[in-house]
Amino acid sequence: MNSHRTTVRVIYGDTDNMGIAYHANYFRWFEIGRSEMFRDLGLAYREIEKRGIYLPVSEVGCKFTAPVRYDDLLVIETALDTSVRGGMKFNYRILKAEDETVLARGFTKHACLNGNGKVVRPPAFIMDLIGKN
């Protein structure tokens, strides 16, 4: 899978008093994109955690290119960066659904932890899922 797409509508609570989406919501939309990508691959995030693996965010970034407004329908495009070896990195684009205008680009990097909180390499069941083995 090169990339995954899912949609979300901007609710009133996502915006500030200027009617523009509050910046922290982009990170929530990134999480939605990542979770839906795993779900579409056949393994919900909850199942990964049931197997004793946790993927906390270790770094995040976002470049805003155009405003997101109340009631906009967004496309969250999520792609796994397969060049990362020690953990996982996802790249995102937030697009306006009606014309595919790029509204933001970003990334999240994730450590891979076992149930004891120790950093480990992503396990085979994840690597097989994303096609890296």
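Values quoted throughout were computed directly from the atomic coordinates according to the rules given, and no laboratory measurement underlies them. All values derive from a computational prediction rather than experimental measurement. Positions of Cβ are generated from backbone atoms using ideal geometry, with glycine treated the same way; all protein chains shown enter the neighbour counts.
Tabulated results
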| read-out | value |
| --- | --- |
| Highest to lowest packing among 105-111, 115-121, scored as the average C-beta count within 10 Å | 105-111, 115-121 |
| Of 32, 94, 20, the one that fluctuates the most in a GNM where the chain has Cα springs shorter than 10 Å | 20 |
| Mean separation of Cα contacts under 8 Å (6+ apart) over length of the chain, as relative contact order % | 28 percent |
| Rounded tilt (10° steps) of 24-41 against the dominant C-alpha axis of the chain | 50 degrees |
| Structure-based [θ]222 nm, the chain - -39500 (n - 2.57) summed over DSSP H runs of at least 4, per residue, nearest 500 | -6500 deg cm²/dmol |
| Total formal charge among the other residues, if their Cβ is under 14 angstrom from that of residue 61, Lys/Arg +1 and Asp/Glu -1 | +3 |
| Approximate spin-label separation residue 46-residue 125, in nm, with each point projected 7 Å along Cα-to-Cβ | 1.5 nm |
| By average C-beta atoms within 10 angstrom, highest first, the peptides 50-58, 10-18 | 50-58, 10-18 |
| Linear extension gain, residue 27 paired with residue 97, 0.36 nm per residue minus alpha-carbon span | 23.4 nm |
| Cα-only Debye scattering, region 1-98: base-10 log of I(q)/I(0) at q = 0.19 Å⁻¹ | -0.97 |
